[in-house]
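Asks: The following block contains the structure, expressed as structure tokens.
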Amino acid sequence: MRMSEYMVAAISPKDRRAQAQMDALLTAEGIDRDRHLTYSAGMWDDEGRLIATGSLFENTLRCLAVDGAHRGEGLMADIVSHLVQVQMERGNAHLFLYTKCESARFFEPLGFYEIARVEGSLVFMENRRDGFARYVKGLAPYAGGEPGAAVVMNANPFTRGHGELLRRAAQENARVVLFVLSEDRSLVPCRDRLAMVKAAAAQYPHVSVVLSGSYMISSATFPSYFLKDADTVTRAHAQLDATLFTRIAAALNLRRRYVGEEPFSHATSLYNEALSAILPKRGVELIIVPRLEEQGEAISASHVRQLIKAGRMEEIRPLVPETTYDYLSGPQGREAVARIKAAEDVVHH
């Protein structure tokens, strides 16, 4: 059977039968459905059985699978071609995908190139041969002759805890590049997070604030659908992060990375532990900054979001810099506050 004899069609979120078939096919191929999917498609045989599927999330292709009995028929090429077309129609020309190490070779003929891999876990790919090189070249204005430091944060929203991380890095280094995660999946929109970080960093003339782009992946959207357990996911995320970051750090002459201590989250603690084991071997010192406390309790963005949701804006004052409070209590922060108040769960965002 040639691949052209099968049709590719969208899988509606309301089509329970197709959704169940997709889950069954993914499970049979050792994949759990990713919780971040915005579009799914499939191919069916003459008996109505789903034999191939793939999905999208923002500018990534995810949950790609072909029934074992139909491998070698070119079905994945049709699925990927369809998904790429949908992405183009959405205005997403620069695409990424994550796949198992043993599957990466199937995507190379389809126009995807390896960016980095975590042996035994995953390969990160994109549809531009020189995409990562162009990204690093675009960061050239932030490369100085003097060794510098890096901070990577989501700032959802920017708290005094983030401020302490920034203060330490700025105090101990002649040059700092602060990357704000640009994935817009947080309750506080990217433009608001960036504005709050820039306002807080304005007091440090040697700190540059830049958006992370697509090569720094947040834990919220890191692919976990083909990794076996939560700890494996965390370690793989840390390893991929370290691999990409050290290449960025080398280009920008960044010799240190500052992260916040996380005594309450097993996942974040494990993540920092993995970075501690990897970064120094690649010429980057990892500095873990103790969490800032207020009245004996660690300051966290989650707690700030909880207070905002409860309508207790005045109570966030001791937890955030004045610049953050002014932003969130003013007209610019209206959308962010509305999103937080409307969300069912404000802790895990």
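The values are calculated or read from the model by the stated rules, or taken from the named source; none is laboratory data. What you see is a predicted model, and the numbers here were worked out from it, not measured in a lab. Using ideal geometry, Cβ is built from the backbone for each residue, glycine included, and neighbour counts are taken over all protein chains shown. To get the accessible areas, we keep the full protein, side chains included, count just its heavy atoms, and leave off ligands, DNA and RNA. Shrake-Rupley method; radii C 1.70, N 1.55, O 1.52, S 1.80 Å.
Asks: Can you spot the lysines whose alpha carbon is less than 19 Å from LYS341's alpha carbon? Ignore those fewer than 8 places along the same chain.
Replies: LYS309
Asks: Tell me which of HIS70, PRO109, TYR98 sits at the most positive position along the dipole axis of the stretch 65-113, charges placed on C-beta atoms (Lys, Arg +1; Asp, Glu -1).
Replies: Highest projection toward the positive end goes to TYR98.
Asks: Additional query: So how much slack lies between ALA24 and ASP46, counting 0.36 nm per residue of separation and subtracting their Cα-Cα distance, in nm?
Replies: Computed gain between ALA24 and ASP46 is 6.1 nm.
Asks: On to the next question. Keeping the other protein chains in place, figure out the carbon and sulfur percent of the accessible area of the chain, with a 1.4 Å probe. Before the final figure, lay out the partial values.
Replies: On the way: 7960 of 16320 Å².
Exposed carbon and sulfur together represent 49 percent of the surface.
Asks: Okay, moving on. Please report, in debye to the nearest 20, how large the charge dipole of the stretch 251-349 is about its Cα centre when each Lys and Arg carries +1 at its beta carbon and each Asp and Glu carries -1 there. Could the numbers behind the result be given before it?
Replies: On the way: 13 positive and 14 negative charges, 92 e Å.
That gives the stretch 251-349 a dipole magnitude of about 440 debye.
Asks: Something else about it: If I model the stretch 21-144 as equal point scatterers sitting on the Cα atoms and use the Debye formula, what is log10 I(q)/I(0) at q = 0.14, 0.20, 0.21 Å⁻¹?
Replies: Results for the stretch 21-144 at q = 0.14, 0.20, 0.21 Å⁻¹ read -0.62, -1.19, -1.29.
Asks: Where the only charges are on Cβ atoms (+1 Lys, Arg; -1 Asp, Glu), what is the dipole of the chain about its Cα centre, to the nearest 20 debye?
Replies: On the way: 41 positive and 43 negative charges, 174 e Å.
Here the size comes out at about 840 debye.
Asks: Also, quick follow-up: Can you tell me what the convex hull of the Cα atoms of the chain projects to on average, as an area in nm²? Walk me through the intermediate numbers first.
Replies: Numbers: hull surface 73.9 nm².
Convex hull of Cα atoms, orientation-averaged projection: 18.5 nm².
Asks: Oh, and also: What distance in nm lies between label points placed 7 Å from Cα along the C-beta direction at GLU315 and ASN253?
Replies: A separation of 4.8 nm, rounded to one decimal place.
Asks: If you don't mind, another one. For SER182, enumerate residues with amide H under 5 Å from its amide H, sequence gap 5+ or separate chain, H modeled in the peptide plane.
Replies: SER212, GLY213
Asks: Please give the Cα centre distance for the stretch 101-163 versus the stretch 1-75, rounded to the nearest Å.
Replies: Here the two parts' Cα centres lie 28 Å apart.
Asks: Here is a follow-up. Modelling each spin label as a point 7 Å along the Cα-to-Cβ direction, I'd like the ALA77/GLN306 distance in nm, to one decimal.
Replies: 5.4
Asks: For a Förster distance of 30 Å, can you work out the FRET efficiency between the beta-carbons of ALA298 and THR243, rounded to the nearest 0.05?
Replies: Details: r = 30 Å, r/R0 = 0.99.
E between ALA298 and THR243, to the nearest 0.05, is 0.50.
Asks: Counting C-alpha atoms alone, how compact is the stretch 11-69: give Rg to one decimal and Dmax as a whole number, in angstrom.
Replies: 10.7, 33
Asks: Are there any trypsin sites (Lys or Arg not before Pro) in the stretch 236-335 that are in a DSSP loop and have at most 11 other Cβ atoms within 10 Å? List them by number.
Replies: ARG312
Asks: Restricting to bridges with both residues inside the chain, how much of the DSSP beta-bridge set is antiparallel, in percent to the nearest 5? Present the calculation step by step, with values, prior to reporting the outcome.
Replies: Details: 25 of 46 bridges.
Restricted to the chain, the bridges split so that about 55 percent are antiparallel.
Asks: Still on this structure: When the Karplus curve 6.51 cos²θ - 1.76 cosθ + 1.60 is applied with θ = phi - 60°, which whole-Hz ³J(HN,Hα) does each residue of the stretch 202-211 get, with x for Gly and Pro?
Replies: Rounded to whole hertz, the list is 4, 6, 10, x, 9, 10, 9, 9, 9, 6.
Asks: How charged is the neighbourhood of MET125? Take every other residue with its Cβ under 14 Å from the Cβ of MET125, and add Lys/Arg as +1 and Asp/Glu as -1. It would help to have the intermediate numbers written out before the result.
Replies: On the way: positive: ARG62, LYS100, ARG105, ARG117, ARG128, ARG129; negative: GLU102, GLU108, GLU114, GLU126, ASP130.
That works out to +1.
Asks: With a point put 7 Å past each Cα toward its Cβ, work out how far LEU139 is from THR38 in nm, to one decimal.
Replies: Taking the two extended label points, one gets 2.4 nm.
Asks: Can you give the angle from 0 to 90° between the axis of helix 75-89 and the longest principal axis of the chain, with both taken from C-alpha atoms, to the nearest 10?
Replies: 50
Asks: If you project the alpha carbons of the stretch 149-216 onto the principal axes, what extent comes out on each, in Å, largest first?
Replies: Principal axes ranked by extent give 32, 24, 16 Å for the Cα atoms.
Asks: Exactly which GluC sites (Glu not before Pro) in the stretch 1-68 are in a DSSP loop and have at most 14 other Cβ atoms within 10 Å?
Replies: Working: sites: GLU5, GLU29, GLU47, GLU58; in loops: GLU29, GLU47, GLU58.
Listed in order of number, the matching sites are GLU47.
Asks: Where Lys and Arg each count +1 and Asp and Glu each count -1, what net charge lies around SER269 among other residues with Cβ under 13 Å from its Cβ? It would help to have the intermediate numbers written out before the result.
Replies: On the way: positive: ARG235, ARG291; negative: ASP231, GLU261, GLU262, GLU273.
Around SER269, the charge tally is -2.
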